[in-house]
Amino acid sequence: MNRSLFPLIAGFLAAWMSLGCSPDKIDRRSLVTRNNPHVDALAPLNSLNLGNGTFTLTLDATGLQTFPEFCQDGLSLGTYSEWGWHAFPNTEGYKYEETLEDHPLPGHPHGVYAVQEGYTLDARSRAAAAWVRENPHRLHLGNIGFAGMAPEEISGVDQTLDMWDGVLHSSFSWKGIPVRVESVSGGEGEDALAARIQAAEPLPVVIRFPYPTGQHSDGASDWCSDERHNTEILSQVPGAALLRRTLDDVIYYVTLQWSGKAALAQTGPNRLTLTPETGDWTLSVRFAQDQADAKPLSFKEVAASGKRLWNDYWKTTGIIDFSHCTDPRAPLLEKRVVQSQYLMRVQEAQHFPPAETGLTYNSWFGKFHLEMVMWHSFHWALWNQSELLRRQLAWYKDIAMPVAREIAARQGFPGVRWMKMTDPSATEAASDVGSFLLWQQPHPIYMAELLWRADPSQAFLEEYADLVQQTAEMLAAFPTWDAEHGRYVIEGACGANESYNEDYTLNPAFELSYVHFALSVAQQWRERLGQERVAQWDTLLAKLSPLAASPDGIYLPAEKGPGVPDFERGVIPRSLAAPAPPGGYINAQRGTRELRFEPMVAGREYVRATSSENLLAYGVLPANHLFTEEGMARTLDRAAQYYDWTRGSWSWNYPSLAMNATRLLRPDVALRAITMDDRSDLLLPGGNNYRTERLRMYLPGNGGLLLAVGMMCAGWDGCPVENPGFPKDGTWDVRWENLKPLP
């Protein structure tokens, strides 16, 4: 054969493999639509989403937002945009500097941190910290629903969300009157809800505007403070009207457009009612930050632009087809994957990292957590949607980097230290937990590496080289030298699960492995740019502490930490209980700084290996010299034995387990982790994961699923088998397209 053909053949085979493990092209539309969410009852947790990723609406069984009070403790009926933020007037003149405290920690005795209580904050400083945490918060832009209806009057609900075209089809009866509603939302830049309404008689629609609540986790709807905000009708012509909303320093605009004759009346200070003359009509409501962008849109225009967005997404994204599998768990897994893809795109395509509850309701005041970017967003680069991840990395570089440089400097570090909880301005929210986390620090390096792998250009390297370098500089300065044992250790940081506090924890397993990975990647970036490796980084990589293990060879979540057995002293350190926050704890129980020590009992098994810390060290991260695969295999076996398969929730701990098992070629455990024994009872109709009363939905669980199942298909660099996360017993004929491997 002509040797000149070899590169062409190799290129063809590589391209074919990137499309999946089967030459048969997947019928994408059929795959998506067979998993469309369906609702057959009006219920607070049955709400569904429309939107474009930077603007999202949550709608009830009427196809509109008719019952916000009824749904307020479920998936509340919000209307949120990435530009919609509000802050209460700072009448007390609080300053950010009032939240700062010189906060000595092991290995880092002079760092200045933004804290809520700290060691010495006075009452005013604690109030300032509370104000900084609460402001700004996301702004609920308004509710659009039928007027005069009550939940008990609704029956015969039959509602389907067509994810392929982005259309919500709703049928129901109100007092025996059949009603049909077709609801749509526009493409990017068209923040709108449009509806075609068909009923035997005219049904008025009410547009209501709330004032923010400023609460930690709610629908951001204070309906009893009309005196604090204002709604004006700026102009009105037949079939259209322009409104201006004013809330303290915030102004935005709302455009109404409708077909046929209808009467628009202001029925309250922040309430308008639109009454049509016929039962068959269309309505469009558009929200805009600037009046120049408040051009009216028809139902037809909104439907067309929304359809283009969703069709393009489904035709280009990574996709996995489980229809050829015979294992009974396959249909539910396929449903979870496809609905998670929809939820991520409808909720989390903003130009900065997303919040835990996306754009459905405010959790943590609507602010976002940078340590959770791994679970929210890493999957974009692996599922052929890298531009959506690049939006977020651009925010790090353009907005957050100057603030992160200030944080590093006041804590005595070079480079940048990324904040934990923040908002689009990158202001660090004061916290007695988040300010001490470390695992958000390597994320931008991992993000940059995933994006470079998706499009390995010199221009991208040059654009983000400074971000990678400065992130790595801080990481390299954080470990301290342990002269007694001749090693670098990590201390003075709170572990990823937030129960291993910064005062006592030594060498958390995930952070050790992640520092090693991030600095290794940063060195590779220097080589790609023709620069010399940093010698001190190589020394640190070689002498970083290995993962601590129990006497029987099980990797511990940390060498020292609350709840981690101290085998040398024969004790278990325990944090004294701290009061639970409203709604209960989320990530374990964060105790006080005080410890008590329980004596260990001979013969008792103390290590069950179910912490996310030890499993995360190998899975989302590749192998390194800090651990052995044999030791990880023992740890996985112990974890699989004791994992709570019956009372868990779809959080990011199960994807952590699945990715660890996939790297170890244990598809039986990986599959069990992402199906959790076929736990359909943990899923809401739209694909959301219910966790607690406070977190009625938890999007890191959906993003974590996509990251894990993508790896279970496409593997990682040098992966020795196809579909490494699925059993080879003939029941898992998994087919996929447009997925990329992990490092």
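The values are calculated or read from the model by the stated rules, or taken from the named source; none is laboratory data. Since the structure is predicted, the reported quantities are computational estimates derived from the model, not experimental observations. Don't worry about glycine lacking a Cβ; one is built from the backbone with ideal geometry, like all the others, and counts go over all protein chains shown. Please note that ligands, DNA and RNA were not included when accessible areas were found on the heavy atoms of the full protein model with its side chains. Shrake-Rupley method; radii C 1.70, N 1.55, O 1.52, S 1.80 Å.
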Subset tally (residues that are under 16 Å from ALA670 (Cβ atoms) and crowded, with 18+ Cβ neighbours inside 10 Å) for the range 622-632:
1
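Where in the range 466-511 are there strands (runs of 3 or more DSSP E), lying wholly inside it, with at least 3 residues that are open to solvent by 20 Å² or more (accessible area, probe 1.4 Å)? Break it down stepwise before answering.
Working: elements: 480-482, 487-489, 506-508.
Filter on the range 466-511 gives 480-482.
Considering only the range 517-536, state which residues are over 18 Å from GLY107 (Cβ atoms), assigned to a helix (DSSP H, G or I) and open to solvent by 10 Å² or more (accessible area, probe 1.4 Å). Don't jump to the end; show me each part of the working.
First pass over the range 517-536, keeping only residues over 18 Å from GLY107 (Cβ atoms): 517-518, 520-535.
Checking which are assigned to a helix (DSSP H, G or I) leaves us with 517-518, 520-528, 535.
PHE517, SER520, GLN524, ARG526, GLU527, ARG528, ALA535, listed by residue number.
Just checking, does the range 27-45 include any residue being modelled with pLDDT under 95 and either open to solvent by 50 Å² or more (accessible area, probe 1.4 Å) or in a helix (DSSP H, G or I) (or both)?
So the first thing to find is which residues in the range 27-45 are modelled with pLDDT under 95, and the list is none.
No, the range 27-45 has no match at all.
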Go through the residues of the range 696-705 one by one and say whether even a single one is more than 27 Å from THR33 (Cα to Cα) and open to solvent by less than 10 Å² (accessible area, probe 1.4 Å).
no
Of everything in the range 273-303, what is buried (at least 17 other Cβ atoms within 10 Å of the Cβ) and in a helix (DSSP H, G or I)? Give them in sequence order.
PHE299, GLU301, VAL302, ALA303
When you scan the range 669-686, how many residues do you find that are more than 20 Å from the chain's Cα centre (by Cα) and either of a type in the set (A, V, I, L, M, F, W, C) or closer than 16 Å to TYR642 by Cβ (or both)?
6
Do you know which residues across the range 650-673 are open to solvent by 20 Å² or more (accessible area, probe 1.4 Å), outside any helix (DSSP H, G or I) and on the phi < 0 side of the Ramachandran plot?
LEU664, ARG666
Please verify whether GLU371 is among the charged types (D, E, K, R), open to solvent by less than 10 Å² (accessible area, probe 1.4 Å) and not in a helix (DSSP H, G or I), treating the condition exactly as stated.
no
Matching option when the condition is at pLDDT 95 or above, open to solvent by less than 40 Å² (accessible area, probe 1.4 Å), of a type in the set (Gly, Ala, Ser) and part of a loop (DSSP other than H, G, I, E, B), among GLY710, GLY730, GLY687
GLY687
Over the range 703-743, the set of residues under 23 Å from GLU371 (Cα atoms) and either hydroxyl-bearing (Ser, Thr, Tyr) or touching a Cys at 6+ places or on another chain (Cβ under 7 Å) (or both) is PRO741
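So if I check each of VAL112, VAL157, which one is β-branched (Val, Ile, Thr) and open to solvent by less than 20 Å² (accessible area, probe 1.4 Å)? I'd like the intermediate steps shown before the answer.
Numbers: VAL112 fails: open to solvent by less than 20 Å² (accessible area, probe 1.4 Å).
Answer to the selection: VAL157.
Do the conditions hold for SER217, that is, is it hydroxyl-bearing (Ser, Thr, Tyr) and either modelled with pLDDT of 95 or more or closer than 25 Å to LEU264 by Cα (or both)?
Working: hydroxyl-bearing (Ser, Thr, Tyr): yes; either modelled with pLDDT of 95 or more or closer than 25 Å to LEU264 by Cα (or both): no.
Criteria not met by SER217.
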Hey, GLU134 crowded, with 16+ Cβ neighbours inside 10 Å, under 28 Å from the mean Cα position of the chain (by Cα) and among the charged types (D, E, K, R) or not
yes
Name the pairs whose Cβ atoms lie under 9 Å apart, with the first residue in the range 516-544 and farther than 13 Å from ALA465 by Cα and polar (S, T, N, Q), the second open to solvent by less than 70 Å² (accessible area, probe 1.4 Å) and modelled with pLDDT of 95 or more, and 6 or more positions between them or separate chains?
SER520/TRP537; SER520/LEU541; SER520/ASN624; GLN536/ALA476; THR539/TYR488
What pairs come out if I take residues in the range 347-365 that are open to solvent by 10 Å² or more (accessible area, probe 1.4 Å) and in a loop (DSSP other than H, G, I, E, B) and pair them with residues that are β-branched (Val, Ile, Thr) and modelled with pLDDT under 95 whose C-beta lies under 6 Å away, six or more apart or interchain?
none
